[in-house]
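K.L.:
Next up is a structure, given as structure tokens.
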Amino acid sequence: MQKTAEAVSLGHPDKTSDYITSYILDRMIEQDPAVKYAVEVMLKDNTVVLGGEITGDVSLAHLREYVLAALAKIGYTEEYAGIWGACAIEPQKIKVINLIGQQSAEINQGVMADGWGDQGVFVGYACQGEGLINRELFLARKLNRALYEKAKKSTVFGLDIKTQITLGEDGKIETAIAAVPMLKSTDLKAFIVETLGETPKNIIVNGTGNYTMHSSVADRGITGRKLACDFYSTACPIGGGSPWTKDGTKADLTLNMYARKLAVEHLADNDECFVYLSSCIGRSALPSAVVKTRKNGTDKLQNLQNLLPPSALIKMFHLHEPVFAELCREGFLSRI
């Protein structure tokens, strides 16, 4: 069967939203490593809406400066706006709407007892191949990163980039799709072939023909809408919510990272490995933890025992440190 995966750059408005909240979380952790954080972002045109909860010994006085710094890290600077004008987000016009409150005291009492800050189900995946992920996703991400790096150095290409790779039954690339903002039409086919190391049967660049309006001007951005890109595409179910909007106690990043780590550890010579975890709010012990390995079409299941509590996992993955923006930028699979 055909297999398809998509990737998007940080310049895509949904990922820009993910990055903004991750960047702000890092600034909060710098002030208080034990801060409790759950903030969603909605981005449209030049307005940024922040909504959620933050509890800790922190100041929210510089939220607009944090937003502007996050945009600059992505590449959305005043210089960029000078090139693209009203076709993209304009930092000098940014307005921030702050709808942030504090974490529920009832949730906090369970977290303080080394329990999880939320319930949920989480899935880790590993398979044979480059990056120990499915090949279509590996290639979609590789092409996306290359185009994004090219755009960051260009006055012709924009930062809001989407890529998609479809593999045929023989594992070769049938179709490579790229959406890249352009101020003037440019042939990218040779660059795509060089990046992928293979000549796809079909290459499509900007399927609508023209692509100049981009970022939050062309589309609104909302945190957590690119989960298939953040995780494993269609190779396995997506577990938990967005990993980019919460501190480590909330589990959506922590237990997904743990599930991936366990999947890599149990892959061995199997074709694929799936790890399924669940959490209970306020409790440390996981209600369920199962690993499934697949080799030559045969599945084997076993329960996992002696799993680590929240505090140990947060320390293991350094989630009490300001690493969230980097993880959002590089993808948490890059750490495991």
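Just so you know, all these numbers are worked out from the coordinates, no wet-lab data involved. Everything numeric here is computed off the predicted structure, so don't read it as measured data. As a convention, Cβ positions derive from the backbone with ideal geometry for all residues, glycine included, and neighbour counts pool all protein chains shown.
K.L.:
Springs between alpha-carbon atoms under 10 Å, Gaussian network over the chain: tell me which of 195, 223, 16 tops the mean-square fluctuations.
P.N.:
195
K.L.:
With bins 5 Å wide starting at 0, give me the P(r) of segment 133-262 over every alpha carbon pair, in whole percents.
P.N.:
Taking every Cα pair in segment 133-262, the percentages come to 2, 9, 17, 19, 18, 15, 12, 6, 2, 0.
K.L.:
In whole Hz, with x marking every Gly and Pro, tabulate ³J(HN,Hα) for segment 150-155 from phi via Karplus 6.51 cos²θ - 1.76 cosθ + 1.60, θ = phi - 60°.
P.N.:
Along segment 150-155, the couplings run 5, 5, 5, 9, 10, 9 Hz.
K.L.:
Would you please give the residues with an amide H less than 5 Å from that of residue 221, counting only those at least 5 places away or on a separate chain, with H modeled from the backbone geometry?
P.N.:
43, 44
K.L.:
Taking amide H atoms as placed 1.01 Å from N in the peptide plane, list the residues 5 or more away in sequence, or in a different chain, whose amide H sits under 5 Å from that of residue 126.
P.N.:
273
K.L.:
Each residue of segment 16-33 in order: what ³J(HN,Hα) in whole Hz does its phi give by Karplus 6.51 cos²θ - 1.76 cosθ + 1.60, θ = phi - 60°, with x for Gly and Pro?
P.N.:
Per residue, the Karplus-derived 3J(HN,Hα) values read 4, 4, 4, 5, 4, 5, 5, 5, 5, 4, 4, 5, 5, 5, 4, 7, 8, x Hz.
K.L.:
Go through segment 142-227 and name the GluC sites (Glu not before Pro) that are in a DSSP coil and have 14 or fewer other Cβ atoms within 10 Å of their Cβ.
P.N.:
169, 198
K.L.:
Report, in cubic angstrom per residue, the convex hull volume of the C-alpha atoms of segment 21-62.
P.N.:
68
K.L.:
Right, next: May I ask you to give the average projected area over all directions of the convex hull of the Cα atoms of segment 211-336, in nm² rounded to one decimal?
P.N.:
9.8
K.L.:
Also: Counting only trypsin sites (Lys or Arg not before Pro) that are in a DSSP loop and have at most 13 other C-beta atoms within 10 Å, tell me the longest site-free stretch of the chain.
P.N.:
Looking at the chain, 1-152 is the longest stretch - no exposed trypsin sites (Lys or Arg not before Pro) with at most 13 other Cβ atoms within 10 Å.
K.L.:
Which whole-number percentage describes the relative contact order of the chain, with Cα contacts under 8 Å and a sequence gap of 6 or more?
P.N.:
26
K.L.:
What number does the chain give for Rg over Rh if you use C-alpha atoms and the Kirkwood radius?
P.N.:
0.99
K.L.:
A further question on this structure: Report, by chain and number, residues whose modeled amide H sits under 5 Å from the one on residue 203, excluding near sequence neighbours (fewer than 5 apart, same chain).
P.N.:
176
K.L.:
If you don't mind, there's one more thing I want to ask. Take the alpha-carbon centre of segment 171-229, take the same for segment 257-308, and report the distance between them in whole Å.
P.N.:
34
K.L.:
Right, here's the next one. Residue by residue through segment 177-193, what is 3J(HN,Hα) from phi via Karplus (6.51 cos²θ - 1.76 cosθ + 1.60, θ = phi - 60°)? Round to whole Hz and write x for glycine and proline.
P.N.:
Computed from phi, the couplings for segment 177-193 are 10, 9, 10, 9, x, 9, 7, 9, 4, 9, 7, 9, 5, 5, 5, 5, 4 Hz.
K.L.:
On to the next question. Of 47, 74, 17, which is farthest towards the positive pole of segment 14-104's charge dipole, taken about the Cα centre with +1 and -1 on the beta-carbons of Lys, Arg and Asp, Glu respectively?
P.N.:
Farthest along the dipole direction, towards plus: 47.
K.L.:
Compute the separation of the alpha-carbon centres of segment 1-43 and segment 133-154 and state it in Å as a whole number.
P.N.:
18
K.L.:
Quick one: what Rg and Dmax do you get for segment 14-104 from the alpha carbons, in Å?
P.N.:
Gyration radius and largest Cα-Cα distance of segment 14-104: 13.4, 45 Å.
K.L.:
If you don't mind, another one. Expressed as a fraction of 2.2 N^0.38 Å, the rule-of-thumb size for a compact globular protein of N residues, what is the C-alpha radius of gyration of segment 42-174?
P.N.:
1.46
K.L.:
Between residue 201 and residue 285, what length in nm is gained on full extension when 0.36 nm per residue of separation is reduced by their alpha carbon distance?
P.N.:
Full extension of this stretch gives 25.3 nm more.
K.L.:
Also, quick follow-up: If the cut-off is a Cα-Cα distance under 20 Å, which lysines reach residue 36, setting aside same-chain residues fewer than 8 apart in sequence?
P.N.:
Cross-link targets: 246, 250, 315.
K.L.:
Cut-off under 24 Å on the C-alpha distance; same-chain residues fewer than 8 positions from residue 150 excluded. Which lysines are left, in chain and number order?
P.N.:
Cα-Cα hits under 24 Å: 15, 73, 142, 162, 184, 189, 201, 226.
K.L.:
Would you list the P(r) distribution for segment 128-202, with all Cα-Cα distances sorted into 10 Å bins from 0 and each bin expressed as a whole %?
P.N.:
Bin by bin from 0 Å, the calculated values are 19, 52, 24, 5, 0.
K.L.:
Would you mind computing, in nm to one decimal, how far apart the modelled labels at residue 78 and residue 4 are, each placed 7 Å from Cα along Cα→Cβ?
P.N.:
Here the answer is 4.3 nm between the modelled labels.
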